[in-house]
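The values are calculated or read from the model by the stated rules, or taken from the named source; none is laboratory data. Computed from a predicted structure; not experimentally measured. Here the Cβ positions follow ideal geometry from the backbone for every residue, glycine too, while neighbour counts run over all protein chains shown. Surface accessibility is based on the protein's heavy atoms, side chains included, excluding ligands, DNA and RNA. Shrake-Rupley method; radii C 1.70, N 1.55, O 1.52, S 1.80 Å.
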Amino acid sequence: MSIINTASTTRADLPSLDLMFPQELISPEVSAQLPSDLQIRPLASTDYKRGHLDVLSGLSVVNDLGEVAWVNQFHAMRATPGAYFSIVILDKANDKIIGVGTVFVERKFLRGLGSVGHVEDIAVDKNYQGKKLGLRIIQALTHISESSGCYKTILNCNDTNIPFYEKCGYVKKENEMVFFKHFS
């Protein structure tokens with residue numbers, strides 16, 4: 001039986017971390033629903049060492065270009081305030097990332113200069129699946145999107161993941177097309 005947090009993670013709990021965005025943007029309600037041995041927070045500049053890419057590798061091919069390149073990408077994303085919101089779930093006992101996700105905000109000329117949140121790269125370590133951590137990641141990212149003023153939040157997924165996202169409150173709509181650049 002899991003013990004549930006009764007208080008959300010605060011900035012005071014993250015004293016030395018260089019975060020992508022303020023912790024306060026993560027829903028306290030979502031934080032409170034995690035077991036007490038887990039923590040949800042923004043991606044930190046030191047999360048390469050905590051296995052960020054290891055978790056992402058369960059989702060797709062990851063070309064690990066090394067820590068320096070990873071940190072440079074972190075800083076490039078953070079240099080566009082209000083655009084990129086990457087979050088992690090951390091197992092506090094071993095200081096390892098076990099879940100990840102991102103929402104990025106696209107500014108539009110449509111809908112009165114509105115914005116759309118795009119959910120990307122949702123992954124949970126296989127050893128922690130089945131504990132509603134993916135749901136908590138989606139809830140946290142949707143909250144950030146809504147708090148950022150997005151008029152809708154969208155995501156792409158394969159057919160086998162549609163039931164999961166429907167449980168998260170998303171509905172199937174339209175189709176996706178893709179063009180991959182061919183490298184020689």
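Rank Asn94, Ala140, Val124 by how far each Cα sits towards the positive end of the charge dipole of the range 85-161 (+1 on Lys, Arg Cβ; -1 on Asp, Glu Cβ) and give me just the farthest.
Value: Ala140.
Among the DSSP beta bridges whose two residues both lie in the range 42-161, what percent are antiparallel, rounded to the nearest 5?
Roughly 75 percent of the DSSP beta bridges within the range 42-161 come out antiparallel.
Which order do the peptides 159-165, 31-37 come out in when sorted by mean C-beta neighbours inside 10 angstrom, highest first?
The most tightly packed comes first, giving 31-37, 159-165.
Among 114-123, 169-178, 82-91, what's the highest-first ranking by average C-beta atoms within 10 angstrom per residue?
Answer by packing, highest mean first, reads 82-91, 114-123, 169-178.
Which whole-Hz ³J(HN,Hα) couplings does the range 93-104 yield from phi under the Karplus relation 6.51 cos²θ - 1.76 cosθ + 1.60, θ = phi - 60°, glycine and proline marked x?
For the range 93-104, the Karplus curve yields 5, 10, 6, 10, 6, 10, x, 9, x, 9, 10, 10 Hz.
Can you tell me the dipole magnitude for the range 96-160 around its Cα centre, using point charges on the Cβ only (Lys, Arg +1; Asp, Glu -1), in Debye to the nearest 20?
Around 160 debye, computed over the range 96-160.
Evaluate the relative contact order of the chain (contact order divided by residue number), counting alpha-carbon pairs under 8 angstrom at least 6 apart; express in whole percent.
18 percent
Any idea what the dipole of the range 40-179 comes to, in debye rounded to 20, about its Cα centre with Lys/Arg Cβ at +1 and Asp/Glu Cβ at -1?
Here the range 40-179 has a charge dipole of around 460 debye.
Compute from the Cα atoms of the range 55-184 the Rg and the Dmax, the latter being the longest Cα-Cα distance, and quote both in angstrom.
Here Rg and the maximum Cα pair distance are 15.8, 47 Å.
Please list, in order along the range 43-59, the HN-Hα scalar couplings obtained from phi with the Karplus expression 6.51 cos²θ - 1.76 cosθ + 1.60 (θ = phi - 60°), rounded to whole Hz, x for Gly and Pro.
Each residue's phi maps through the Karplus curve to give 4, 10, 5, 9, 6, 4, 6, 8, x, 3, 5, 4, 5, 4, 5, x, 9 Hz.
Enter the accessible area per residue of the chain (Å², integer; probe 1.4 Å; all protein chains in place).
Result: 62 Å² per residue.
Could you sort out which of Lys132/Lys152; Lys108/Lys131; Lys49/Lys152; Lys108/Lys172; Lys126/Lys152 sit more than 27 Å apart by Cα distance in this structure?
Those over the limit are Lys108/Lys131; Lys49/Lys152; Lys126/Lys152.
So how do 19-28, 57-66 stack up, highest first, on mean other-Cβ count within 10 Å?
Final packing ranking: 19-28, 57-66.
Over the chain, what percent of the accessible surface lies on carbon and sulfur atoms, probe 1.4 Å?
About 53 percent, which is the carbon plus sulfur part of the accessible surface.
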